[in-house]
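Enquirer: Got a structure here, written out as structure tokens. Questions coming.
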Amino acid sequence: MTPKSSWESTALFYEDLVLNGQDVKDLLLLVKKIANSSLADRFYSFTSHYDLCISRGGSYAERRQLAMISVRLIEKEKFKIQFFKSYERTHDIKTIERNSSDVLSALNELLEQL
């Protein structure tokens, strides 16, 4: 799987949730924005339940060794973004909350640390 195709798969996952009545449309919109940007060529996406996760690793084994970002929709148009040193989430390095309008700029800052 390429980084770009991981974003397409993640978009399909959230589209299915939206079609089945889950209130995750804001996450779907964020995924689509990233999928259509140059970020999708450099970073892999995957999900952990409803959370959007971002890493440089494409396989599960690679992700377990690398830092990652988790994005959780905590209420309509409001996201909790967490940066973890490892997949086990034992070291939460940074947690920030952002509205839909500036979540992508906050993500860009953290992605540079991956």
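Enquirer: Taking segment 91-114 as the search range and keeping residues that are in a strand (DSSP E or B) and not β-branched (V, I, T), which one is modelled with the lowest pLDDT?
Expert: Within segment 91-114, the match that is modelled with the lowest pLDDT is D92.
Enquirer: Quick one: which of E77, E62 is over 11 Å from the mean Cα position of the chain (by Cα), among the acidic types (D, E) and closer than 22 Å to M1 by Cβ?
Expert: Within the list E77, E62, the selection yields E62.
Enquirer: Filter segment 38-65 down to the residues that are in contact (Cβ under 8 Å) with a residue 12 or more places away in the chain and out of contact with any Ser or Thr (no Cβ under 9 Å at 6 or more places or on another chain), then identify the one that is nearest to I81 (Cα to Cα).
Expert: If we take residues in segment 38-65 being in contact (Cβ under 8 Å) with a residue 12 or more places away in the chain and out of contact with any Ser or Thr (no Cβ under 9 Å at 6 or more places or on another chain), then Y50 is nearest to I81 (Cα to Cα).
Enquirer: Residues in segment 15-33 that are touching a residue at least 24 places away in the same chain (Cβ under 8 Å) and closer than 22 Å to S105 by Cβ: how many?
Expert: Total satisfying the criteria: 7.
Enquirer: Give the residue, chosen from A67, A35, that is surrounded by 13 or more Cβ atoms within 10 Å (Cβ to Cβ), modelled with pLDDT of 95 or more and out of contact with any strand residue (DSSP E or B) (no Cβ under 6 Å at 6 or more places or on another chain).
Expert: Every option except A35 fails the conditions.
Enquirer: Would you please name the residue that is nearest to D16 (Cα to Cα), looking only at residues in segment 38-79 that are touching a helix residue (DSSP H, G or I) at 6+ places or on another chain (Cβ under 8 Å) and of a type in the set (S, T, N, Q)?
Expert: Top of the filtered list is T47.
Enquirer: So which residues in segment 38-51 are surrounded by 13 or more Cβ atoms within 10 Å (Cβ to Cβ) and under 12 Å from F13 (Cα atoms), if there are any at all?
Expert: Matches in segment 38-51: S45, F46, T47, Y50, D51.
Enquirer: Now, a different point. Evaluate the following for R56: is it loosely packed, with under 15 Cβ neighbours inside 10 Å and basic (K, R)?
Expert: no
The values are calculated or read from the model by the stated rules, or taken from the named source; none is laboratory data. Only a predicted model underlies this, so the values are computations on that prediction, with no experimental measurement involved. Backbone-built Cβ (ideal geometry, glycine too); neighbour counts: all protein chains shown.
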